[in-house]
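Novice: What follows is a single structure, and I will ask about it in a moment.
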Amino acid sequence: MTPLKKLFPLFLCFLLAWSCVPAAKKKDRDIEKKITGLVSKMTLEEKIGQMTLVSCSNIPEDEQFSEALRKGHIGSVINEVDPARVNSFQKIAVEESRLGIPLIVGRDVIHGFKTIFPIPLGLAATFNPSLVEQGARAAAMEATSAGVRWTFSPMLDISRDPRWGRISEGFGEDTYLASVMGVAMIRGYQGTDPGDPTSLAACVKHFVGYGAAEGGRDYNSTFLPERVLRNVYLPPFLAGIQAGAMTLMTSFNDNDGVPMTGNRFLVRDLLRDEWNYNGFVVSDWASVNEMIPHGFAADQAHAARLALEAGVDMDMMSFAYITQLEKLIKEGAVSEKLVDEAVRNILRVKFLLGLFDNPYVQEDLHKEMFYNPHHMELSRQSAVQSAVLLCNDGTLPLDEQKIRSVLVTGPMADAPYDQLGTWVFDALEQTTATPLKAIREHYGHQMRVIYEPGLKYSRDKDRSGIRKAVASARAADVVIAFVGEESILSGEAHCLASLDLQGAQDELIEALQSTGKPVITVVMAGRPLTIEKEISASNALLYSFHPGTMGGVALADLIFGKEVPSGRLPVTFPKTTGQIPLYYNHNRTGRPFLGNETMLDQIPLKAGQTSLGNTSFYLDAGAAPLFPFGFGLSYTTFAYTNIRIDQVSYTQKDTLTLSFDLTNTGKAAATEVAQLYVCDKTGSVTRPVKELKRFERIALEPGETRSVSWELPISELAFWNLQMKRVVESGQFELWVAGDSDSGEPVLFEVNN
Ligand code: GLC
């Protein structure tokens, strides 16, 4: 038999084996081959160009810019959203440069592009990942129709400090909720096929710990030990990467003295080597250069070296790579191998997005995409489900058949720009449905709608309008006061030392209350505010985290009962700013607050030093929040009964089955957000008093009972322990299933490994 014939069976085996390789693996192999081929042709200058991101809103789009594109000195542009201009830049990069490598075009599409959804903190309050995914898909359809293929979202920063303006952009204080919502957004943005022209590359940010900025002051230092990073702040990023997030952004903060943009341990050792991340890493805006004011880099050359060695592939707006790397490589201070790795990561995303085959955007596509009815309805649903009813004496829902006149008042009643919230660049404020517009349009035929704002904007201290508002209140059956924050008061760099309502808003509410008319207060804000006074002055209070384009319609529908509140707090509401940081999943301490401590006004004169209760609390504010994580009222009530688990003892390989009955014990059809919390009572390190492990929105008719069964793999109770190993330790556990983090009775079980 000739040698060829001998090889034939082998060849057949190879073919058979190759045919079993999933198509995706083949595609990955093809891409890697293309990348290798392309990198081998690139000059050092062209490689460094791919690592350079330029913002079109900060540099002139002039001949020098075109020349830089032609020379391949720019690999990505952000902040250009005119499809024709995007195509013009792409044409230079693809048809006039030596290698024709396409640009990736980015934008901050944080909670919508044209159709704006509630801010991410509000989206978290929906506890509805499916709806959040649909909203992100709508945003991707709109943004990609403008030529944008990369968004700097989702923000996965855990935040326990509402003084921090950027708490608005994340999913709140809970690791599990942030992980679930981040994955939902990534799926929505990227879709099922990254090569589809409507796929928008996600960017999980800000890696990592940025939300723990000291004092809630943005850009400030964080001091998070590795175990806290691994148990609280890193898991949402791991979930996002495992969900396929194509890019990641390093954060501005220095953690334990090391700026994240130069943090080799967290970016190269953990993200790359431990997590095998193969997307690309972009620095946050100018954060490469900022290692100089941090006092971590002596100059820009040092900063460029530190960032590259740490594993940052792309430099956003420092121009450090494009000005320093070539020289650093030529003098042997930095290995070109690191540059090749960075370029590979960037080219991989561009190939995955299909930009080499399909670099241009269809320029008229956006006309059918922007503000389309489906997107607007998703925005309305999201705003409905993100609103949290915090108190209600039965005044809500209003019966439109019985109301003859309503006063709509407050600086947020007709604030189309501010209602959209922070990080909105591309929406037109005239498309915003404000509460005033919505109430007039949908309910004005039934009743007289009086409008008297009382204050012009949230910080307004001019009290002269309050008198007119009070006079109008006296003429109305009911008052609906829309207060809160202008959008500029939250978001990046917009931190507050006090969370009380700004301006004369609390005086407006008190004056309205003094009329004796029912007062419904609606707060539109970018963060939790300290609203204890407003709660006591209102018959009902609905909290709406800047609800977006359709927020007014959503709030009107909730107030008049066409919709029923189902939002739950994704973050703890403190009584006073002085209690911060205050969050539900805290450690228990050796002296936990008992609730029987002597509070300030009860302290007897000459009280003995140890007579007040030596526990962890404030004499003037106790230790409890105003409202706990997971809290929210409905127009009905719910009962949890027959709560049981299938065993009392498990190994870490087991799955716990929890069953319970949920009954709608009221008169309105409504949705409950059932929540499962677990406490690991004793650990090799102290453990949180409880942690969210499951939640589910369950819709029930009045009187209806649903038997619910959840499975919880015991492996999901793992944590990073004293030995810095991720394990489930044996011992006693408790679980609660309830409507918020502060309710329910514990069910005991144990883990015996
Ligand atoms: C900003 C933000 C970041 C944003 C980036 C691009 O400074 O920190 O979240 O995505 O710059 O606009």
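Novice: Only residues that are over 21 Å from Thr222 (Cα atoms) and either assigned to a loop (DSSP other than H, G, I, E, B) or modelled with pLDDT under 95 (or both): list them for segment 160-197, please.
Specialist: Gly191, Thr192, Asp193, Pro194, Gly195, Asp196, Pro197
Novice: Still on this structure, I have one more. Which residue pairs have Cβ atoms under 6 Å apart, sit 6 or more places apart or on different chains, and have a first residue in segment 35-56 that is in a helix (DSSP H, G or I) and a second that is aromatic (Phe, Trp, Tyr) and open to solvent by less than 10 Å² (accessible area, probe 1.4 Å)?
Specialist: Ile48/Tyr321
Novice: In segment 268-285, what residues are among the acidic types (Asp, Glu) and open to solvent by less than 20 Å² (accessible area, probe 1.4 Å)? Break it down into steps so the answer makes sense when it comes.
Specialist: Applying the first criterion (among the acidic types (Asp, Glu)) to segment 268-285 yields 269, 273-274, 284.
Residue satisfying the conditions is Asp284 alone.
Novice: A further question follows. With the requirement that a residue be in contact with a helix residue (DSSP H, G or I) (Cβ under 6 Å, 6 or more places away or on another chain) and either acidic (Asp, Glu) or open to solvent by 10 Å² or more (accessible area, probe 1.4 Å) (or both), what does segment 531-555 give you?
Specialist: Within segment 531-555, Lys533, Glu534, Met550, Val553 qualify.
Novice: Something else now. Mind listing just one residue for me: the one in segment 59-70 that is assigned to a helix (DSSP H, G or I) and over 24 Å from Asp284 (Cβ atoms) and, of those, most open to solvent (accessible area, probe 1.4 Å)? Before the answer, list the steps.
Specialist: Looking only at segment 59-70, we keep the residues that are assigned to a helix (DSSP H, G or I), and these are 63-70.
Filter once more, so that each one left must be over 24 Å from Asp284 (Cβ atoms): 63-64, 66-67, 70.
On the way: Glu63: 111, Gln64: 146, Ser66: 20, Glu67: 65, Arg70: 68 Å².
Filtering first and then ranking leaves Gln64.
Novice: Is it the case that Thr637 is open to solvent by 30 Å² or more (accessible area, probe 1.4 Å) and under 30 Å from Phe593 (Cβ atoms)? Lay out the reasoning, then the answer.
Specialist: Values: open to solvent by 30 Å² or more (accessible area, probe 1.4 Å): yes; under 30 Å from Phe593 (Cβ atoms): yes.
Here the answer is yes, as Thr637 does meet what is asked.
Novice: Test Ser611 against the criterion of being farther than 28 Å from Thr682 by Cβ, among the polar types (S, T, N, Q) and surrounded by 22 or more Cβ atoms within 10 Å (Cβ to Cβ), and give yes or no. Spell out the reasoning first.
Specialist: Details: farther than 28 Å from Thr682 by Cβ: yes; among the polar types (S, T, N, Q): yes; surrounded by 22 or more Cβ atoms within 10 Å (Cβ to Cβ): no.
Taking the combined requirement at face value, the residue does not satisfy it.
Okay, residues lined up against (1) outside any loop (DSSP other than H, G, I, E, B); (2) open to solvent by 70 Å² or more (accessible area, probe 1.4 Å); (3) under 20 Å from Thr589 (Cα atoms); (4) modelled with pLDDT under 95:
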{"residue": "Leu662", "(1), (2), (3), (4)": "yes, no, no, no"}
{"residue": "Gly683", "(1), (2), (3), (4)": "no, no, yes, no"}
{"residue": "Thr686", "(1), (2), (3), (4)": "no, yes, yes, no"}
{"residue": "Pro702", "(1), (2), (3), (4)": "no, no, no, no"}
{"residue": "Glu711", "(1), (2), (3), (4)": "yes, yes, no, no"}
{"residue": "Gln723", "(1), (2), (3), (4)": "no, yes, no, no"}
{"residue": "Phe733", "(1), (2), (3), (4)": "yes, no, yes, no"}
{"residue": "Leu748", "(1), (2), (3), (4)": "yes, yes, no, no"}
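Novice: Among (1) within 16 Å of the ligand (Cβ to nearest atom); (2) assigned to a helix (DSSP H, G or I); (3) open to solvent by 10 Å² or more (accessible area, probe 1.4 Å), there is one condition Asn220 misses while meeting the rest; what is its number?
Specialist: (2)
Novice: Which residue pairs have Cβ atoms closer than 8 Å, lie 6 or more positions apart in sequence or on different chains, and pair a first residue in segment 422-443 that is away from the ligand (no atom under 16 Å from the Cβ) with a second residue that is open to solvent by 80 Å² or more (accessible area, probe 1.4 Å)?
Specialist: As it stands, the answer is Glu429/Tyr417; Thr432/Tyr417, since those pairs meet every condition given.
Novice: Are any residues in segment 268-285 more than 21 Å from the chain's Cα centre (by Cα) and either free of Cβ contacts under 8 Å to residues at least 24 places away in the same chain or in a helix (DSSP H, G or I) (or both), and if so, which ones?
Specialist: Matches in segment 268-285: Arg268, Asp269, Leu270, Arg272, Asp273, Glu274, Asn276.
Novice: Can I ask one more? Determine if segment 386-406 includes at least one residue that is at negative phi, of a type in the set (Gly, Ala, Ser) and touching a helix residue (DSSP H, G or I) at 6+ places or on another chain (Cβ under 8 Å).
Specialist: Yes, segment 386-406 contains a residue that is at negative phi, of a type in the set (Gly, Ala, Ser) and touching a helix residue (DSSP H, G or I) at 6+ places or on another chain (Cβ under 8 Å).
Novice: Does Ala239 meet the test of being among the small types (Gly, Ala, Ser), within 21 Å of the chain's Cα centre (by Cα), more than 15 Å from the ligand (Cβ to nearest atom) and open to solvent by 30 Å² or more (accessible area, probe 1.4 Å)?
Specialist: Details: among the small types (Gly, Ala, Ser): yes; within 21 Å of the chain's Cα centre (by Cα): yes; more than 15 Å from the ligand (Cβ to nearest atom): yes; open to solvent by 30 Å² or more (accessible area, probe 1.4 Å): no.
Here the answer is no, as Ala239 does not meet what is asked.
Novice: Residues in segment 578-586: is at least one open to solvent by 70 Å² or more (accessible area, probe 1.4 Å), at negative phi and among the aliphatic types (A, V, I, L, M)? Outline the logic, then answer.
Specialist: Step one: of segment 578-586, the residues open to solvent by 70 Å² or more (accessible area, probe 1.4 Å) are 581, 586.
Filter once more, so that each one left must be at negative phi: 581, 586.
Imposing the further condition that a residue be among the aliphatic types (A, V, I, L, M) reduces the set to none.
For segment 578-586, residues open to solvent by 70 Å² or more (accessible area, probe 1.4 Å), at negative phi and among the aliphatic types (A, V, I, L, M): absent.
Novice: Can you work out which of the residues in segment 243-267 that are in a helix (DSSP H, G or I) and touching a residue at least 12 places away in the same chain (Cβ under 8 Å) is surrounded by the most Cβ atoms within 10 Å (Cβ to Cβ)? Give the derivation first.
Specialist: Of segment 243-267, the ones in a helix (DSSP H, G or I) are 260-262, 264-267.
Going one step further and asking which of them are touching a residue at least 12 places away in the same chain (Cβ under 8 Å), we end up with 260-262, 264, 266-267.
Numbers: Met260: 26, Thr261: 35, Gly262: 27, Arg264: 14, Leu266: 23, Val267: 24.
Among those that are in a helix (DSSP H, G or I) and touching a residue at least 12 places away in the same chain (Cβ under 8 Å), it is Thr261.
Listed here are the residues, each with its yes/no results for (1) open to solvent by 50 Å² or more (accessible area, probe 1.4 Å); (2) under 30 Å from Arg404 (Cβ atoms); (3) out of contact with any Phe, Trp or Tyr (no Cβ under 8 Å at 6 or more places or on another chain).
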residue	(1), (2), (3)
Arg474	yes, yes, yes
Val479	no, yes, yes
Ile488	yes, no, yes
Gly491	no, no, no
His494	yes, no, yes
Ala497	yes, no, yes
Gly503	no, no, no
Glu507	yes, yes, yes
Ala511	no, yes, yes
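Novice: Another question, then. Go through segment 409-421 and give me each residue that's crowded, with 24+ Cβ neighbours inside 10 Å and either more than 30 Å from the chain's Cα centre (by Cα) or part of a loop (DSSP other than H, G, I, E, B) (or both).
Specialist: Scanning segment 409-421 gives Thr409, Gly410, Pro411, Met412, Ala413, Ala415, Gly421.
Novice: Answer yes or no as to whether Ser55 is in the same structural domain as Met246 (by TED's automatic domain parsing), over 34 Å from the mean Cα position of the chain (by Cα) and either within 16 Å of the ligand (Cβ to nearest atom) or polar (S, T, N, Q) (or both). Before the answer, list the steps.
Specialist: Details: in the same structural domain as Met246 (by TED's automatic domain parsing): yes; over 34 Å from the mean Cα position of the chain (by Cα): no; either within 16 Å of the ligand (Cβ to nearest atom) or polar (S, T, N, Q) (or both): yes.
Considered against the rule, which asks whether it is in the same structural domain as Met246 (by TED's automatic domain parsing), over 34 Å from the mean Cα position of the chain (by Cα) and either within 16 Å of the ligand (Cβ to nearest atom) or polar (S, T, N, Q) (or both), Ser55 comes out as no.
Novice: Would it be correct to say that Ser168 is touching a helix residue (DSSP H, G or I) at 6+ places or on another chain (Cβ under 6 Å) and within 13 Å of the ligand (Cβ to nearest atom)? Write out each step before concluding.
Specialist: Values: touching a helix residue (DSSP H, G or I) at 6+ places or on another chain (Cβ under 6 Å): yes; within 13 Å of the ligand (Cβ to nearest atom): yes.
Considered against the rule, which asks whether it is touching a helix residue (DSSP H, G or I) at 6+ places or on another chain (Cβ under 6 Å) and within 13 Å of the ligand (Cβ to nearest atom), Ser168 comes out as yes.
Novice: Then there's this: Could you tell me whether any residue of segment 291-313 is open to solvent by 10 Å² or more (accessible area, probe 1.4 Å), assigned to a loop (DSSP other than H, G, I, E, B), touching a residue at least 40 places away in the same chain (Cβ under 8 Å) and more than 15 Å from the ligand (Cβ to nearest atom)?
Specialist: So far as segment 291-313 goes, yes, one or more of its residues are open to solvent by 10 Å² or more (accessible area, probe 1.4 Å), assigned to a loop (DSSP other than H, G, I, E, B), touching a residue at least 40 places away in the same chain (Cβ under 8 Å) and more than 15 Å from the ligand (Cβ to nearest atom).
Novice: Check whether at least one residue in segment 224-231 is outside any loop (DSSP other than H, G, I, E, B), in contact with a Pro (Cβ under 7 Å, 6 or more places away or on another chain), of a type in the set (A, V, I, L, M) and more than 12 Å from the ligand (Cβ to nearest atom), and report yes or no.
Specialist: no
Novice: Here is a list of conditions, (1) open to solvent by less than 60 Å² (accessible area, probe 1.4 Å); (2) touching a helix residue (DSSP H, G or I) at 6+ places or on another chain (Cβ under 9 Å), and Tyr618 meets all of them except one; can you say which number that is?
Specialist: With respect to (1) open to solvent by less than 60 Å² (accessible area, probe 1.4 Å); (2) touching a helix residue (DSSP H, G or I) at 6+ places or on another chain (Cβ under 9 Å), Tyr618 is out only on (1).
Novice: Something else now. Run down Arg344, Arg380 and say which single residue is open to solvent by less than 50 Å² (accessible area, probe 1.4 Å) and modelled with pLDDT of 95 or more. Let's see the steps before the verdict.
Specialist: Numbers: Arg344 fails: open to solvent by less than 50 Å² (accessible area, probe 1.4 Å).
The match here is Arg380.
Novice: Tell me which helices (runs of 4 or more DSSP H) are completely within segment 71-159 and hold 3 or more residues being in contact with a helix residue (DSSP H, G or I) (Cβ under 8 Å, 6 or more places away or on another chain) and open to solvent by less than 10 Å² (accessible area, probe 1.4 Å), or say none if there are none. Give the derivation first.
Specialist: Working: elements: 83-91, 120-125, 129-144.
Because the criterion is at least 3 residues that are in contact with a helix residue (DSSP H, G or I) (Cβ under 8 Å, 6 or more places away or on another chain) and open to solvent by less than 10 Å² (accessible area, probe 1.4 Å), the helices (runs of 4 or more DSSP H) in segment 71-159 that meet it are 120-125, 129-144.
Novice: I would also like to ask the following. Among the listed residues Ala202, Ala184, Ala178, which satisfies the condition of being open to solvent by less than 10 Å² (accessible area, probe 1.4 Å), small (Gly, Ala, Ser) and over 26 Å from Ala525 (Cβ atoms)? First the steps, then the outcome.
Specialist: Details: Ala184 fails: over 26 Å from Ala525 (Cβ atoms); Ala178 fails: over 26 Å from Ala525 (Cβ atoms).
From the options Ala202, Ala184, Ala178, the qualifying one is Ala202.
The values are calculated or read from the model by the stated rules, or taken from the named source; none is laboratory data. From a predicted model like this one, the values you see are computed outputs, not experimental measurements. Positions of Cβ are generated from backbone atoms using ideal geometry, with glycine treated the same way; all protein chains shown enter the neighbour counts. Protein only, heavy atoms only, side chains kept; ligands, DNA and RNA dropped before computing areas. Shrake-Rupley method; radii C 1.70, N 1.55, O 1.52, S 1.80 Å.
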